[in-house]
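Beneath this line is the structure, given in structure tokens, with notes to follow.
Nothing in this text is a laboratory measurement; each read-out follows from the coordinates by a stated rule. What you are looking at is a predicted structure, and each value in this text was computed from that prediction instead of being measured. When we count neighbours, we look across all protein chains shown, and the Cβ atoms used for this are built from the backbone with ideal geometry, even at glycine.
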Protein chains: 2
Amino acid sequence: MRITDIRESTGGLATTMRNAVIDFSRMTVSQVAVVTDVQRDGKSVIGYGFCANGRYAQGGILRERLIPRVLETPPADLLDEGGENIDPFKVWDAMMRNEKPGGHGDRAVAAAAFDMAVWDAVAKIASEPLWRLLSNRFNGGRADTRVLVYPGGGYYYPESGFGRLKDEMRAYLDQGYRIVKMKIGGADLATDRKRIEAVIEVVGEGRNLAVDANGRFDLETALAYAEGIASYGLFWYEEPGDPLDYALQAELTQRYTGPFATGENLFSHQDMRNLCLYGGLRPEVDWLMPDPALAYGLTETLRIIETVEALGWSRCRLVLHGGTQLALHMAAGLQLGGAETYPLMFQPYGGFADGVPVEDGYVRPTDHPGLGIEAKQALYAVMRPLGEG
Amino acid sequence: MRITDIRESTGGLATTMRNAVIDFSRMTVSQVAVVTDVQRDGKSVIGYGFCANGRYAQGGILRERLIPRVLETPPADLLDEGGENIDPFKVWDAMMRNEKPGGHGDRAVAAAAFDMAVWDAVAKIASEPLWRLLSNRFNGGRADTRVLVYPGGGYYYPESGFGRLKDEMRAYLDQGYRIVKMKIGGADLATDRKRIEAVIEVVGEGRNLAVDANGRFDLETALAYAEGIASYGLFWYEEPGDPLDYALQAELTQRYTGPFATGENLFSHQDMRNLCLYGGLRPEVDWLMPDPALAYGLTETLRIIETVEALGWSRCRLVLHGGTQLALHMAAGLQLGGAETYPLMFQPYGGFADGVPVEDGYVRPTDHPGLGIEAKQALYAVMRPLGEG
């Protein structure tokens, strides 16, 4: 078998929302198709991948660096021992050939989209859903049959008032979610407290609500918010300061006893190790949220899991960021703490297979081979022309 | 006045060399021209910039994100108070609009090329060499009339034997350099010790030689090298481990009393702060080497200087990486410790203005307006078509 082609394109997100730092009206996403000569059900197996939103499409890096390196590698050097499937670790090493250490940014995002397509192809060739393949290869056959999920949402809308925010949260509850998340830091603390209280009216208790500052606050503001929200007993207080400001995080952890969550903007196991070493986070209280669709893919996220476990963290404290089907498969097959999803946002990339219910805050992974992109119609509609066109 | 156009292109480096991690045969560089409607000497002022080598051209990020944001900004919003020159900080903020915190990688490289062109234009519009403009704006008019420089070189060549390496080092001495640098870690320790001894034969003493592992070593290897090179009394031992492995660096610093140098692969002031906080480096012994042509440009490097000074470092301990004229201007005008240069490597981007002598290891900045790219014929030949073509 061999990879016969690797294609990439840029997809768009049509939305007017914003968080504390950026607006998403011009956000783009890289889409990747890994085409193979393997036949399943009378068709060539094609793996599909895309990067999580928020970091833009990375077509230049894919076209100029990562894809050519893999296509120039002798095909046999990309296969597993039996020669009947792709070895995603060998593909990863090939795409990263001649890249310097450090500088984990856009390159990680490009690699993540590519790596997702590789793993999709690998699982399709194995005729297995990705979660089961991961379970068998890396988790002794153990898997969770359901995964805790929460919807990423609660952005700032251009409209004034809290009606649309409350409607959004009510829709999540109606869909079966129990824990929801909203953005803070895009308004002043007094306004944000009102927004939080409006949402708590909908979700019942603070413990059903996480808040996310998207790394905007300096120490003083982060502390003011910590004090201003402490009484709500929130599910977590996410990314209060700059993602690399470990000293700020360590100081905050001394002053706020509730859970923190952070890590979505750390794109390597080296950065995640530093967060654990220097950020003062508490393995029994706080949450780590790497995003496999930003941080060099599933392949690097396996290293992240290994790294944080070596530092005394349980993988149960990892709730994957990014709202992708990839995150759901990983959480189920590797028994992580849970996964974000975007049932309403970032369409068609957000959310899971069509018709999969959220029950009491949990989702069951499906048995479609690979990631199951074909089982999410709107997503398959944008990916299919890239692979089959 | 206004910026009338911003152009980018990709330039190549024809070389067969390699360091411990990558080979440079396909390395590319982004080139940027900022075209203005200001006339000087009967011609439109055009600022030129490029990124340092090692991180590839970033055309996609420049074309899709950074350049359109600046071109879409109302021109008056990019000017200084008097309205007669560009405010490079405003341009920087515009190019980084809607970018998330963290993830400092390829984006930083794209911004660095762009930011260099902006500062070149600013100094040309002010009819001043960049070093003097920096001295007056940020250093109370103080400046160094000469800058300590060392040639980045000593790569591995495909040829066997040490003849070409020794010839290279001899050529540096003939050109007036006193301190030279060579790569290690691309061979085993025994071979590298022989290479080091071969170079010391040329440069006289270990204190004239720095060695650079390019972040390749794990702790065990880094310690073995530390022990293996301790007796040479080298000028510095550069980037032994992964650039983000602060714990490794802190451990090493306990076990090797000679100077370390690191920081070229940290692309933000946040990362540099973490290195200073957690890397165990000694402000009186070790060296920091940010690269303004990789790390979001001069603009961000000013923040890096401010950050490390706040942590007790003298700016004299900063020796800028990257071998650009930009680094020379910054070192002179801001009175930093020195600058790397590439007199032979990475042409036409490496090295300073044509005909500028190296005297006893020091270089004097020239008085050409801006960066002086026009005074380096081979470099101007590749940049000029972008700006004037």
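Taking 0.890 mPa s as the viscosity and 25 °C as the temperature, the Stokes-Einstein diffusion coefficient of the range A:137-376 based on its alpha-carbon Kirkwood radius rounds to 136 µm²/s. Rounded to the nearest whole angstrom, the semi-axes of the ellipsoid equivalent to the range B:276-389, taken from the Cα gyration tensor as √(5λ), stand at 28, 15, 12, largest first. A simple rule links phi to the HN-Hα coupling: the Karplus curve 6.51 cos²θ - 1.76 cosθ + 1.60 with θ = phi - 60°, which for the range B:291-302 gives 10, x, 8, 10, 9, 6, x, 4, 4, 6, 5, 4 Hz, with x for Gly and Pro.
Normalised by 2.2 N^0.38 Å, where N is the number of residues, the C-alpha radius of gyration of the protein assembly as shown stands at 0.96.
Calculated mean residue ellipticity, 222 nm, the protein assembly as shown: -11000 deg cm²/dmol, from DSSP H runs (n ≥ 4) at -39500 (n - 2.57) each, averaged per residue and rounded to 500.
Summarising the strand pairing of chain B, around 55 percent of its internal DSSP beta bridges are antiparallel. Along the charge dipole of the protein assembly as shown, Cβ charges K/R +1 and D/E -1, which of B:Phe352, A:Pro348, A:Gly153 sits furthest on the positive end? In the protein assembly as shown, that residue is A:Pro348. Annotation for A:Gly141, label-to-label distances across the other copies: 8.2 nm (shortest first, one decimal, point 7 Å from Cα along Cα→Cβ). Taking the range B:169-205 and a reference point 7 angstrom along Cα→Cβ of B:Ala230, no backbone N atom is nearer than 13 Å.
Rounded to the nearest 20, the size of the Cβ-charge dipole of the protein assembly as shown about its Cα centre is 440 debye, with Lys and Arg at +1 and Asp and Glu at -1.
Can you figure out the FRET efficiency of A:Ala250 with B:Asp5, using R₀ = 41 Å and their beta-carbon distance, to the nearest 0.05? After rounding, the FRET efficiency stands at 0.30. Between the helical axis of A:163-175 and the longest alpha-carbon principal axis of chain A there is an angle of about 50 degrees.
Computed from backbone phi with θ = phi - 60° and the Karplus coefficients 6.51, -1.76 and 1.60, the 3J(HN,Hα) list for the range A:310-316 is 5, 9, x, 8, 8, 5, 5 Hz; x is used for glycine and proline.
In percent, how large is the relative contact order of chain B, given Cα pairs closer than 8 Å and 6 or more residues apart? Mind dumping the intermediate values first?
Values: 887 pairs, mean separation 76.3, N = 389.
Across chain B, relative contact order equals 20 percent.
Relative to the other identical copies, A:Thr10 shows label-point distances of 1.4 nm, where the label point lies 7 Å from Cα along the Cβ direction and values run shortest first. Note that the range B:93-201 shows a convex hull volume over its alpha carbon atoms of 191 Å³ per residue.
Restricting to bridges with both residues inside the protein assembly as shown, how much of the DSSP beta-bridge set is antiparallel, in percent to the nearest 5? Each step should come with its number before you reach the end.
Values: 46 of 84 bridges.
Around 55 percent of the beta bridges assigned by DSSP in the protein assembly as shown are antiparallel ones.
In order along the range A:379-389, the phi-based Karplus estimate (6.51 cos²θ - 1.76 cosθ + 1.60, θ = phi - 60°) of 3J(HN,Hα) comes to 6, 4, 5, 8, 7, 4, x, 5, x, 9, x Hz; Gly and Pro are listed as x. In terms of distances greater than 20 angstrom between alpha carbons, the cross-link table entries A:Lys100/B:Lys90; A:Lys166/A:Lys194; A:Lys100/B:Lys183; A:Lys194/B:Lys100; B:Lys166/B:Lys194; B:Lys90/B:Lys124 yield A:Lys100/B:Lys90; A:Lys194/B:Lys100. Applying both filters, DSSP loop and at most 11 other Cβ atoms within 10 Å, to the GluC sites (Glu not before Pro) of the range B:185-279 gives B:Glu205.
Helix B:106-125 and the longest principal axis of the Cα set of chain B meet at an angle near 60°. Each Lys and Arg Cβ is given +1 and each Asp and Glu Cβ -1; about its Cα centre, the range B:230-389 then shows a dipole of about 160 debye. Between A:Gln377 and B:Glu81, what's the calculated FRET efficiency when r is the beta-carbon distance and R0 is 60 Å? Round to 0.05. Efficiency, rounded to the nearest 0.05: 0.60.
Charges on Cβ only, +1 for Lys and Arg, -1 for Asp and Glu, centred on the Cα centroid of chain A; of A:Val363, A:Gly215, A:Thr257, which one is farthest towards the dipole's positive end? My answer, from the dipole projection, is A:Val363.
How big is the dipole moment of chain A about its Cα centre under a simple scheme where the beta carbon of each Lys and Arg is +1, that of each Asp and Glu is -1, and everything else is neutral? Debye, nearest 20, please.
Numbers: 39 positive and 52 negative charges, 57 e Å.
Dipole of chain A, to the nearest 20 debye: 280 debye.
Farthest toward the positive end of the dipole of the range B:137-376, out of B:Gly176, B:Leu277, B:Phe267, is the Cα of B:Gly176, where the dipole comes from beta carbon charges about the Cα centre. Modelled spin labels at A:Thr191 and B:Ser44, positioned 7 Å past Cα toward Cβ, are 4.1 nm from each other.
Inter-copy label distances at B:Glu306, using a point 7 Å along Cα-to-Cβ, come to 4.1 nm with the shortest given first. Helix B:246-255 and the long axis of chain B differ in direction by around 40°, with both axes built from C-alpha atoms. Compactness of the range B:3-127, taken as the C-alpha radius of gyration over 2.2 N^0.38 Å, stands at 1.13. Summarising the amide proton neighbourhood of B:Leu294: residues at separation of 5 or more, or on other chains, whose placed amide H is nearer than 5 Å comprise B:Ala52.
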